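One structure below.
What follows is calculated from the coordinates using simple rules that are stated; it is not laboratory data. Small disclaimer: the values here were computed from a predicted structure and weren't measured. FYI the Cβ positions are ideal-geometry reconstructions off the backbone, even for glycines, and counts take in every protein chain you see.
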Amino acid sequence: MAQTTVAHDALQVLDARLNLPLTTYLEACTHCGLCAEACHLYRADPVAKHIPCFKADTVRKVYQRYHTPTGRFLPWLLGLSDLDDETLDDWVEPVFQCTMCRRCSIECPLGIDNAAMIATARAILTSAGKAPPTLMEHGRKSCEAGSPLGLTREQFLDRMEWIEEELQEELDDDDYEVPIDQEGADILFIPASIELMKYPQSIQACCRIFQQAGASWTLSSTCYDVTNFGVFLGDSQISRTIATRDIEEAERLGVHTVVTSECGHAYRALRWEAPDWLQESLPFEVKNILELADEWVAEGRLRLDPSANPEPVTYHDPCNITRNGGVVEEPRRLLSACTEEFREMTPNRERNWCCGGGGGFHSMPEYDDVRLASGEMKAKQVESTGATVLATACANCHLQLSDLSDHYELGVETVSVTELMANALVE
Ligand code: SF4
Ligand code: SF4
């Protein structure tokens, strides 16, 4: 039976990603529905499009139709039809109204990673030109301009000059310089565009931490944005292009460690996914700033005074730092050391509720209502701690948590962990 052009193109994308784990996920789902209750979108609005396995079924039906004997020869027996343009249009909402947080994967008794199939569905939609326009635009700008928000080298340098002046004042040292393009430094620190544009105080805090630890480090004036929109689009080519830029700059500068700022997906992408995209191990270590800061506190290179932060503080685990990144205890040790009263949310660590802002959600204004509604579980979690300060370790989560604080009238101050740390540093 002849394939439609739409099906042919989709199969090319699917086949390039089909490996043993993905095939197992596509084959094994029993449609028990247990994953539904694990999803913050479904909990906020219990409709079919928010059930994780329903989202994954988009790709599963293509697989069944074109890769199984029954689907190929007796599709009507399985209720399968040819993939066409209208079907792809129907995928867009369920597939892009997802934060790729993988909480549903943790709760599935069979260990099925719905997010891996949702990423494949995104790849198919992106390839067909049907991804949300703002995400496509951010992906294009990331590749062409080096930043999804179009931040130029001059704007980056301006921003760093401003941070440098702030730190000169804070340190009472007119000679303090933020190191940029320092060949031979041990560490390349790459921030994220949201921090550069919206939360420069978090970058300033990181600079202060590097300075206090006496680190050999540098920023780069050509590779200054670690954000990787290829991940949100499911587009391996964009992901590879952005990761390759980071890797080549790290090699040029000769660093042995690349440190990502408080940006969840960027850490996950560079630390865990880039070696797969590039089919080679990276010639340097990748660490999140909190991993490094935690090591430095343990070594005595950083000392913290908890009395500098007396208010009750709670911590939102960014999905891509904790569940998908493995950085779990480091922020807890740091917060316990730099605040007087650290209160855990329940549930926490790998079972923490997603804030609702990931997966590119914050860059799709057409879904703003859904995004804010999906933060209901998170808002309840925050409220029940009674904390007045809400710390996190991801600029994207920071944005969403600030929105949730306004929308649900939580009355909390949202900050980054590094800001609390910098505030508590002891000379
Ligand atoms: S993904 Fe797992 S939890 Fe969800 S329906 Fe399938 S088997 Fe059940
Ligand atoms: S990855 Fe997260 S947002 Fe997406 S379906 Fe699973 S639980 Fe829901």
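Data table
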{"read-out": "Pair residue 154, residue 110: separation of 7 Å Cα→Cβ label points (nm)", "value": "5.7"}
{"read-out": "Extended-chain gain in nm, criterion 0.36 nm per residue less alpha-carbon gap, residue 341 and residue 384", "value": "14.0 nm"}
{"read-out": "Separation in nanometres of the label points that stand 7 Å from Cα toward Cβ, at residue 170 and residue 86", "value": "5.8"}
{"read-out": "Highest to lowest packing among 129-139, 47-57, 63-73, 165-175, scored as the average C-beta count within 10 Å", "value": "47-57, 129-139, 63-73, 165-175"}
{"read-out": "Relative packing of peptides 80-93, 402-415 - highest average C-beta neighbours within 10 Å first", "value": "402-415, 80-93"}
{"read-out": "Geometric extent, Cα atoms of the range 261-380 - Rg, Dmax (angstrom)", "value": "16.5, 48"}
{"read-out": "Taking N as its residue count, the alpha carbon Rg of the chain over 2.2 N^0.38 Å", "value": "1.01"}
{"read-out": "At 0.890 mPa s and 25 °C, Stokes diffusion of the range 96-185 via Kirkwood alpha-carbon radius, µm² per second", "value": "143"}
